[in-house]
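Here's the structure we're looking at; comments come further down.
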């Protein structure tokens with residue numbers, strides 16, 4: 001997916017932007033970049049690959065290479081950014097989080113009337129940030145250009161711009177699918193995807209931008225360039241998986257939501273005979289753990305970490321690109337606590353079940369170490385649709401999703417007419433889906449959180465949440 005962070009200050013801010021950007025490393029694994037403005041030097045920019053080394057390692061010498069009183073940083077799971085642009089709006093650095101589904105048609109449309117060009121990558125693909133800039137620069141000012149770009153884009157675009165005078169412009173995407181927050185300190189302002197990133201640097205929460213809202217920031221003031229829209233669709237999956245535990249979106253903390261979510265799962269299981277004999281409840285680390293704590297607290301079952309992930313050399317974010325290598329590394333990372341596994345009935349809560357490949361390896365590993373039974377719970381409903389708004393899933397087809405593959409095998413494409421029934425564990429189709437996945441992965445039992453349960457755990461109105469990956473609703 002990706003995340004960004006920026007500061008405009010009365011003093012050098014490179015150290016703070018370095019740490020603030022690094023605090024977004026859980027959101028992307030491909031590219032990291034920083035841009036800075038210094039009154040004497042002007043704009044500067046550095047981009048590095050972070051596929052085989054973390055951001056902080058690749059940028060540890062940035063203080064020798066760049067300086068500035070205003071700076072932005074970006075973690076990207078797609079394009080190299082930020083870009084440095086010179087246009088009718090002057091020279092500026094820009095980065096974005098999101099996705100452009102209609103990129104090809106927008107490129108063709110732009111080229112048809114401008115006679116211009118784009119820098120193309122192998123295969124002819126264009127950096128979508130450069131496309132975003134081409135849309136913004138068609139209008140006379142940044143606010144009008146950003147709004148035009150966001151209305152033209154089928155997808156999502158939250159934007160952070162660093163101007164050649166050190167001013168920042170921040171824009172939340174049109175439907176607020178992703179968060180953008182502003183913090184304030186005596187020397188200036190910070191803009192961030194994750195609020196805790198600036199709080200750790202001494203800033204205090206000032207404002208969460210509304211959907212489509214645009215603000216301009218100098219060290220002295222924040223000016224609203226465009227008021228927020230009323231319609232909101234923030235991604236519900238942020239709380240279930242992608243969001244960092246210390247993050248708060250729309251006033252709802254991620255860790256607290258996961259405890260509530262696990263408790264709701266446990267209440268749904270209360271009268272099920274197959275979980276009465278459970279010895280220990282655990283999470284599929286790391287993001288499943290707080291859901292499991294909530295489940296254990298509500299059910300009265302003991303929480304235990306039956307296996308630990310060894311991450312000093314293979315951190316979660318840095319895995320080989322080849323699937324076979326990822327599976328090997330995932331297996332090597334799992335270190336059993338045999339006393340908590342052998343002859344035990346175990347229940348695990350995972351944040352989600354997308355493809356299920358690594359989950360199969362985990363369950364086999366538990367049985368190899370003597371587990372008597374392994375029950376599985378998913379902290380969100382079955383994922384039926386690949387996300388078309390954010391890059392949180394690498395799925396290129398809905399049929400990569402385990403729920404979709406099972407349905408296709410059970411009923412063929414006709415089954416896709418009954419996705420809501422398959423998602424509901426109380427229906428015959430829902431029971432068949434769960435039984436099939438149990439057989440494939442050797443689960444003793446399986447259940448998914450309901451959509452109503454996720455919404456209850458978040459605590460926001462359903463109309464303000466994007467739940468597309470679960471129910472396909474726009």
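Here are the numbers for the structure shown:
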read-out: Cα-based helix-to-principal-axis angle, 103-114 vs the chain, degrees rounded to 10; value: 20
read-out: Counting DSSP beta bridges with both ends in the range 252-471, the antiparallel % (nearest 5); value: 15
read-out: Per-selection Rg to Rh, the range 207-290 - Cα, Kirkwood hydrodynamic radius; value: 1.19
read-out: Crossing angle, helix 254-269 versus the chain [Cα axis fit, 0-90 degrees, rounded to tens]; value: 20
read-out: Computed FRET value (nearest 0.05) for residue 473 with residue 227, which takes r as the C-beta separation and R₀ as 22 Å; value: 0.25
read-out: Computed helical MRE - 222 nm, the chain, DSSP H runs ≥ 4 contributing -39500 (n - 2.57), nearest 500; value: -8500 deg cm²/dmol
read-out: Pairwise FRET efficiency - residue 109 versus residue 388, Cβ, R0 = 25 Å, nearest 0.05; value: 0.80
read-out: Backbone N within the range 127-152 under 11 Å of label point (7 Å from residue 87 Cα along the Cβ vector); value: 129-150
read-out: Segment residue 337-residue 268, length gained on full extension (0.36 nm per residue, minus Cα span); value: 22.0 nm
read-out: Full-stretch length increase - residue 409, residue 64 - with 0.36 nm per residue and alpha-carbon distance subtracted; value: 118.4 nm
read-out: Residue 246 versus residue 19: modelled label distance in nm, points set 7 Å from Cα along the beta carbon direction; value: 1.0
read-out: Part-to-part distance (alpha-carbon centres) for the range 359-380 and the range 191-254, which is given in Å; value: 37
read-out: Förster radius 25 Å - calculated FRET efficiency between residue 400 and residue 368, Cβ distance, rounded to 0.05; value: 0.40
read-out: 0 to 90° range, to nearest 10: angle between helix 357-368 axis and the chain longest Cα axis; value: 40
read-out: Mean separation of Cα contacts under 8 Å, 6 or more apart, over the residue count of the range 252-471: relative contact order %; value: 20
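We did not get these values from a lab; they are worked out from the coordinates using the rules stated. What you see is a predicted model; the values in this text were computed from it and never measured. Every residue, glycine as well, gets a Cβ built from its backbone with ideal geometry; the counts of neighbours run over all protein chains shown.
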